[in-house]
Amino acid sequence: MTPMQKHFDVIVIGAGPSGMMASLAASGQGASVLLLEKKERPGKKLLLTGHGRCNITNIRIPDNFRETYHENGRFLTSSLHAFSPEDVREYFLSLGIPTHEEDDGRIFPDTQKASSVCEALEKALSGNGVVLLTDSPVRSVKKSDGIWTVTTEKDSFSSKAVILSTGGKSFPHTGSEGDGYALAKVNGHEVTELAPALAPIFFSAFSDASCASRGEDCGAEFTLAGITLPDVGSSLWVGGKKVKSARGDLLFTHQGVSGPASMPLSRELPSSKGKYPEGYVRFQIDMLPDIREEEVGKMLLQAMTENPNRYMKRLLCETFHLQEKAAVLVLDGKAMDICAHEVTKEMRKAIVRKLKASAFDVEKCTPMDIAYVTRGGVSVKQIDPKTMGSKVQEGLFFSGEVMDIDGISGGYNLQFAWESGRAAGIAAAEYSQA
Ligand SMILES: Cc1cc2nc3c(=O)[nH]c(=O)nc-3n(C[C@H](O)[C@H](O)[C@H](O)COP(=O)(O)OP(=O)(O)OC[C@H]3O[C@@H](n4cnc5c(N)ncnc54)[C@H](O)[C@@H]3O)c2cc1C
């Protein structure tokens, strides 16, 4: 950049995946582009994705986008068709990043490194002549006489078009602190309620501090920390009503649960500042989702009848292929040292119930900081789905997580970042050059 250059066709705010893609798309149309990033380097969240491996997209997008992108899924119809997961793969191949498919359609770079994806984008930005300024947090975005003025802590720039790509509000150390919501609001945009999505869930029974303060033993559940129950069914209950269910591996942590069987349910947790009332929010696990409760009862009775002197813990592990700690949970930590012939009918029924519906009180809404994705954001009602352009302010565009869209895990959130970034970049360049 010449030190004097202060006016650009397009200014992009936020150098996450969507902002970098928007900058590349706009510069690809011949627009002069300034990309302003708050942190000392671009793509800090991108570097964390897929446990550092970057689950770049997913080639399995069902026709019904609600399954992957919830309430606002339909908003993505045109951007997804314009820049499909296959297009994303081809695009990264053109940047020197070949990709491969893993389970459930998830696509990863062959390098297995998110850093290589970020480096390829940075190289392309510089190749396209995009001016990237890091350590430049944007404080205000204002329009006057058809020209936007974007002010950072140190400087001020102008442009015909602005793309807001500031991300959500989780993992704030990566720079995504929710700044974009205020910038959108002052420009007349509605921001829907923000909540954590794709986050761990905390159980009251696992609350170390609360047990200790009551002078109690935290019980059998506490010993589960660190184990993974493979392919279980899970469901979230609020005020006695089932609000959502999921299936997959469930990882027990010291505070509750994480993993594919719990993360999708976290976005349905009711917002609350403090702890939930006892019994109000419950997380239920079905350890044998492919076997009906009646059948489980028959299988257990038969195993007990055939092995009257076997310890129940061992019998459960053998009959239902459970891990030992899962059997401890089912037996409530009490009936472990008894043999099958000592188990009463009531105890047997309770065991079956636990196998099919072990329930835990959820302690509180997960803090936003540790959610992988933010639910809510700039309302898509005021955004054109083809161009990502504001319906309120001409020349203002949006890309990525700052909008009220969140996807399930599996590469869908990055797919949304790429496709919305591309749509916004092309449209902003066209607008600025018209
Ligand atoms: C641990 C973790 C793992 C994940 N793994 C995956 C995965 O494997 N696959 C997947 O699809 N999704 C994954 N996600 C989600 C995915 O990372 C996000 O959806 C995606 O990064 C959103 O991209 P974005 O460009 O919209 O926003 P962000 O990546 O949040 O980028 C926003 C950028 O804007 C900058 N910014 C903010 N405010 C300002 C300001 N005022 N001025 C200037 N710059 C500003 C920020 O510093 C940041 O660089 C993961 C998320 C996390 C936290």
I need the full set of residues from region 156-182 which are open to solvent by 30 Å² or more (accessible area, probe 1.4 Å) and either within 12 Å of the ligand (Cβ to nearest atom) or under 26 Å from LEU194 (Cβ atoms) (or both), in order please. LYS169, PHE171, PRO172, HIS173, GLU177, ASP179, ALA182
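Take the residues in region 418-429 that are open to solvent by 10 Å² or more (accessible area, probe 1.4 Å) and small (Gly, Ala, Ser), then tell me which one is nearest to the ligand (Cβ to nearest atom). Explain how you work it out, then say what you get.
So the first thing to find is which residues in region 418-429 are open to solvent by 10 Å² or more (accessible area, probe 1.4 Å), and the list is 422-423, 426-427.
If we keep only those that are small (Gly, Ala, Ser) as well, we get 423, 427.
Details: ALA423: 13, ALA427: 17 Å.
Selected residue: ALA423.
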Does region 14-28 include one or more residues that are surrounded by fewer than 16 Cβ atoms within 10 Å (Cβ to Cβ) and of a type in the set (Ser, Thr, Tyr)? no
Breaking point among (1) touching a strand residue (DSSP E or B) at 6+ places or on another chain (Cβ under 8 Å); (2) more than 11 Å from the ligand (Cβ to nearest atom); (3) on the phi < 0 side of the Ramachandran plot, for SER144: (1)
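Answer yes or no: is there a residue in region 393-400 that is under 24 Å from ILE291 (Cβ atoms) and not in a helix (DSSP H, G or I).
In the first step, residues of region 393-400 are kept if they are under 24 Å from ILE291 (Cβ atoms); the result is none.
Among the residues of region 393-400, not one is under 24 Å from ILE291 (Cβ atoms) and not in a helix (DSSP H, G or I), which makes the answer no.
Residues that are more than 18 Å from VAL232 (Cα to Cα) and open to solvent by 20 Å² or more (accessible area, probe 1.4 Å): find the helices (runs of 4 or more DSSP H) completely inside region 287-338 holding 2 or more of those. First the steps, then the outcome.
Details: elements: 293-306, 312-320, 324-330.
In region 287-338, 293-306, 312-320 are the helices (runs of 4 or more DSSP H) which contain 2 or more residues that are more than 18 Å from VAL232 (Cα to Cα) and open to solvent by 20 Å² or more (accessible area, probe 1.4 Å).
Can you tell me how many residues within region 86-133 are under 24 Å from SER432 (Cα atoms) and surrounded by 15 or more Cβ atoms within 10 Å (Cβ to Cβ)?
Our first condition is that a residue be under 24 Å from SER432 (Cα atoms); within region 86-133, this holds for 121-122, 124-133.
Right, trim to surrounded by 15 or more Cβ atoms within 10 Å (Cβ to Cβ) and you get 121-122, 124-125, 128, 130-133.
The qualifying residues number 9.
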Selection over region 36-53 where residues are more than 9 Å from the ligand (Cβ to nearest atom) and surrounded by 22 or more Cβ atoms within 10 Å (Cβ to Cβ) yields a count of 0
In the set VAL191, VAL186, VAL131, VAL138, which member is more than 9 Å from the ligand (Cβ to nearest atom), touching a Leu at 6+ places or on another chain (Cβ under 6 Å) and at pLDDT 95 or above? VAL131
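The values are calculated or read from the model by the stated rules, or taken from the named source; none is laboratory data. Keep in mind it's a predicted model, so treat the numbers as computed, not measured. As a convention, Cβ positions derive from the backbone with ideal geometry for all residues, glycine included, and neighbour counts pool all protein chains shown. Accessible surface is based on the protein model in full, side chains and every heavy atom, while ligands, DNA and RNA are left aside. Shrake-Rupley method; radii C 1.70, N 1.55, O 1.52, S 1.80 Å.
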